[in-house]
Amino acid sequence: MQITAKSLAGFAIVVFILVVSPYLTDESNLFVLMDVLIAILFATSYNLVLGGAGLLSFGHAAYFGLGAYTVALLQAHLGLPMLVGIALSPIVAGVFALLVALLTVRLSGMYFAMLTLAFAQLIYTVIAEWYSFTGGDNGIPITVPDYFFVTAHYFYLTLGIVVGGVLLLWLIGNSPFGAALHAIRENPQRASFVGLNVKLYQVAAFTISGALSGVAGALSGSLHQMAFPSMLYWTESAQPVLMALAGGIHAFFGPAVGAAIFTVLNFFVASYAGYPLLVFGVVVLVLVMALPEGVVGTFRRWLIRRRDAGSRAAPASRDARP
Amino acid sequence: MSGLPITRRTMALATSAAIATALASAPGKALAEGAPIKIGLTTDLTGIAATYAAAQVNAVKLAIEEINAAGGIKGRKLELLVRDSQLKPALGASLTRDLIVREKIDYLIGPDASSVGVAVSGVAKQYKKVVVMTIPNTPRLVGELFHKYFFTIVPSGTMLARAMAEGIGKTNNSIAFIGGDYEASHQAIQYFGEWLTKVNPKAKITAQQWPKLGEPDFTPYITQLISAKPDIVFSYLWGADLIAFIKQAKPYGLFDKTKFATLLFLDDLKALGDDMPDGIIGQMYAPPFGTNSPAMAEFIKKYQAKFNSFPSDWAVMGYDGMRILADGIRNAASMESDAVAEAIEKLKFDGLQGPLTFRAVDHQGNVPSFLGTTGKVAGLPFKGLVDIQRIPAESVWPTPEEILAQRKDK
Amino acid sequence: MTIDILIQLLSGVSRGMILFVVASGLTLIFGVLRIPNFCHGSLYMLSAFATYSITTVFGGSNLGFLASLIVAPLVVMAFGAAIEFFLLRRISNREHLYQLIVTFAITLIVADGIKLIWGGSYRSVSYPPMLEGSLSVLGRPFPQYYVLVIAAGIVIAALLALIIERTRFGRVLSAAVIDPEMVGALGVNVPRLYTTVFALGAWLAGFGGALAAPIGSISLGIDNSIIIESFAVVIIGGSGSIVGAFAAALIIGIVQALGIMVAPRLAIGFIFIALCAVLLLRPQGLLGRRV
């Protein structure tokens, strides 16, 4: 989870390109870009649990969906505008994530995965069934203010929130809190021997992750102008897992790269391939089988190996992983 | 979306990019004359409703082929672009928007699931694109979500529920209901109940059963329905659920003990084959055997020859929907959405099921629905409906006042 | 009324038996390989579609039904063995997470693969002619086919118990559920054990699919509902425990059947409430070992 000066520079360049992209590309690509940005926030915040705390959650679609429902329900029942909904989405999603985390962190491994899946399905069921409050399977529309109907305006809103969210996650990863999570992931027993409250850290990571997933969901719901129960269905929970794994869970920007690859792939496969699931499934299979460390992890290893080969005698670079 | 996005106004800031953009979008204008008219079709080719979508795509393709073979419209060929929304409303919205913004399609033809229909209708409204719907039928589409570019040739949920009440309400006093636990069937029983009090004030809905969609085991519901001892069971199950229900109810003798009336798709008849019991009252949208006309016979022949399968309700509506859109484009003063919408509104269309027009208040086509009894039909490789009763739209559709009231409530 | 409840109970048992057959395969795979096999539902669905093809060839005769009951699970078993041998085995040294993702990818591939082979429309398999009627239970009709299902479930349970109690393979399997590393240390060929267990699990999923085919409809999407219920059975029963799976499947089948009489709207959420409760109170499951 270490961030190097180089990757930070790369991040700045990517953000700059994104800032000017409304001038470079047309509206259709902006829409795809927004889906990519939202997926990046979702996958990066998800990875705080998987790569950060070493816990496999298989129920993050619930927090993503709760974010979208926060915007929609506040609008439908209290008449609050979209931006207020987006601002409150991390609180609502975070509270649910906290409750689930408190109940689940006592388990580990695949049992933890199963329990997060079960709770997510429970939340899904309530939302899909509670007609009078949520509109049931019909979903609820989200009204977007006129200003944000202009694609570029909504793009900048999305970009600002996603970059802010990713920076926040980066700061968390590099804080003492992140260091403690790292220690717990590497060796939970040793971490508890040196006095770390392992469960507390895991609960905190899960809550933050859920909260920011909620923000991603709020942005997605507002972009597509609706909240639907299918956003919370268990198969959707596989998405951030796949993205994080494809990009690499031990590199901070791995999930972001995975999110970009999968979102674009998903989009084009749905547009042009006759059998989208087949194509998508084969790509996942190949990525997982061939690139165990994900795209970013493999690329970084390749870089390090090349540099090591080039300067075998030289002392280790300060950029190298500890 | 009002006006152009910011990109266009500030393009001068990045000259090279502007040139690239201009080049990329140049074909749209320069080749407009003689270039194909692009039709966008977002539908659910993946998931449980895939079989309906497949028939829809086939039929739309067939119609386009015929139109193109006859020289196209105003000297231009039609080109179809299909996208797979996979039963996900958000994906449906994304793909439809992409068809409009990137592929520059000119008109839309309807999706599959009602939830995706709602999403597609929203995008069509935002970008002012004419959309003709041929499968979705939630009453919200003609109600609070209505806009002037929207047209439908599907009997709405309201119309079907009322038609069912007309068909079975007069002669049965105790009615038990079973329907999948989702919005459409909750609406169905509500509209059915309201109409029932009009046609037969003595009739009562004595039991309601709500299995979840995709329920594998209907036995508990079947035994409950049997012990309710109704005059008739009204079912809003369809597709895979209806098949499972019928197969499980048969050995319990449900169909010997009580009459059974259900929503029914041609796909269900096809799948069940000889396992379909005789004597069930089926309500169908647009079965090819429901209309006895040379045009329908010709369509069945062409469809079977091309796709090697019997056309379903969705094929009938998809074929007519595409031809309606084509007639609208042909009759319109210009290619603009407003002109085409106006032309479709005035259209007197000669459809497979007879003449068809749209009314102004909700752009609902005056399409019939059908009630009949299951049984062997000559010339069909599976069972069909006999003693078919054609229920005209005019007898069951909501009055304009009702539609306006529905919109005001929301 | 009491007869109603009894009939309801019997139908719950028959549903539970199909769930047991499918979930017993899942629990063996989870217990020994430690993978939540997401594609288990896909194997079930694949077998149902294969059953459709086989019975169609035989024109819906009794012979066709028997043939499908034998052939379809074997086809699925071969497919399962291939998944383990060509994919999972190659990444067995990595975290289980990767194997989970591989099984998830297979669910996508199978779903579209079935559409590619059989088309998108739903299908129906007739009851075998010898079992299409019903018998009388206290004056009420009860489908003959469900009697076969209940009998088949009990036979499978007995056979599995026999294999586990009486054979060397069974003892190795039980040991692997407790500690896979120990089994390796004892000189057992662990990769071969894994392939065998996965193939056996796949056969059970396939047998469940073939058995269930005449009861419901065969459509894309039947994998999703069975997999979630099967996971619930594994968790409630305890990983790797056949007896636990049998008990849990019966409980789920019966409580769902009776629950519909009491609170129909809650039936859909019941399974998850039960699941969460068991995981919180007794994470190792009713009959599982501590984790």
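Those helices (runs of 4 or more DSSP H) of segment B:273-368 in which 2 or more residues are open to solvent by 60 Å² or more (accessible area, probe 1.4 Å) and closer than 22 Å to B:Lys129 by Cβ occupy B:313-331, B:337-346.
Within segment C:196-209, the set of residues being modelled with pLDDT of 95 or more and open to solvent by 20 Å² or more (accessible area, probe 1.4 Å) comprises C:Leu200, C:Trp203, C:Phe207.
This table checks each residue for (1) open to solvent by 20 Å² or more (accessible area, probe 1.4 Å); (2) assigned to a helix (DSSP H, G or I); (3) closer than 15 Å to A:Ala101 by Cα.
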position	(1), (2), (3)
A:Arg185	yes, yes, no
A:Arg190	yes, yes, no
A:Gly195	yes, no, no
A:Lys199	yes, yes, yes
A:Gln202	no, yes, yes
A:Ala205	no, yes, yes
A:Val215	no, yes, no
A:Ser220	no, yes, no
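Among the residues of segment B:196-209, the one identified as surrounded by 21 or more Cβ atoms within 10 Å (Cβ to Cβ) and either within 14 Å of another protein chain (Cβ to nearest Cβ) or assigned to a strand (DSSP E or B) (or both) is B:Gln209.
Cβ separations smaller than 7 Å between residues 6+ apart or across chains give the following pairs from segment B:45-63 residues that are within 14 Å of another protein chain (Cβ to nearest Cβ) and under 18 Å from B:Leu325 (Cβ atoms) to residues that are of a type in the set (D, E, K, R) and assigned to a loop (DSSP other than H, G, I, E, B): B:Ala53/B:Asp44; B:Ala53/B:Asp112; B:Gln56/B:Asp112. Restricting attention to segment B:215-263 and to residues that are polar (S, T, N, Q) and in a helix (DSSP H, G or I), the residue that is modelled with the highest pLDDT turns out to be B:Gln248.
Among the residues here, A:Gly173 qualifies as within 28 Å of A:Ser7 (Cβ to Cβ), at pLDDT below 95 and open to solvent by less than 50 Å² (accessible area, probe 1.4 Å).
To keep it simple, each residue is scored yes or no on (1) in a loop (DSSP other than H, G, I, E, B); (2) modelled with pLDDT under 85; (3) surrounded by 19 or more Cβ atoms within 10 Å (Cβ to Cβ).
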{"residue": "A:Thr235", "(1), (2), (3)": "no, no, no"}
{"residue": "A:Gln239", "(1), (2), (3)": "no, no, yes"}
{"residue": "A:Leu242", "(1), (2), (3)": "no, no, yes"}
{"residue": "A:Leu245", "(1), (2), (3)": "no, no, yes"}
{"residue": "A:Leu265", "(1), (2), (3)": "no, no, no"}
{"residue": "A:Ala270", "(1), (2), (3)": "no, yes, yes"}
{"residue": "A:Leu277", "(1), (2), (3)": "no, no, yes"}
{"residue": "A:Leu285", "(1), (2), (3)": "no, no, no"}
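For beta carbons closer than 7 Å, sequence separation of 6+ or different chains, a first residue in segment C:1-12 that is more than 7 Å from every other protein chain (Cβ to nearest Cβ) and a second that is assigned to a helix (DSSP H, G or I) and among the polar types (S, T, N, Q), the qualifying pairs are C:Gly12/C:Gln256. For segment A:104-131, filtered to residues that are of a type outside the set (Phe, Trp, Tyr) and open to solvent by 30 Å² or more (accessible area, probe 1.4 Å), the residue that is nearest to the other protein chains (Cβ to nearest Cβ) is A:Leu122. If you go through segment C:123-142 and pick out every residue that is open to solvent by less than 30 Å² (accessible area, probe 1.4 Å) and either modelled with pLDDT of 90 or more or within 11 Å of chain A (Cβ to nearest Cβ) (or both), you end up with 4. The number of residues in segment A:6-58 being assigned to a helix (DSSP H, G or I), farther than 30 Å from A:Leu103 by Cβ and not aliphatic (A, V, I, L, M) comes to 13.
Of everything in segment B:64-92 that is touching a residue at least 40 places away in the same chain (Cβ under 8 Å), among the hydrophobic types (A, V, I, L, M, F, W, C) and assigned to a helix (DSSP H, G or I), the residue that is nearest to B:Ser312 (Cα to Cα) is B:Ile64.
If the condition is being within 21 Å of C:Gly221 (Cα to Cα) and open to solvent by 20 Å² or more (accessible area, probe 1.4 Å), then segment C:45-62 contributes C:Leu46, C:Tyr52, C:Ser53, C:Ile54.
The values are calculated or read from the model by the stated rules, or taken from the named source; none is laboratory data. All of these numbers come straight from a predicted model, not from anything done at the bench. Here Cβ is always computed from backbone atoms with ideal geometry, including for glycine, and neighbour counts include all displayed protein chains. These accessible areas exclude ligands, DNA and RNA; they are computed on the full protein's heavy atoms, side chains included. Shrake-Rupley method; radii C 1.70, N 1.55, O 1.52, S 1.80 Å.
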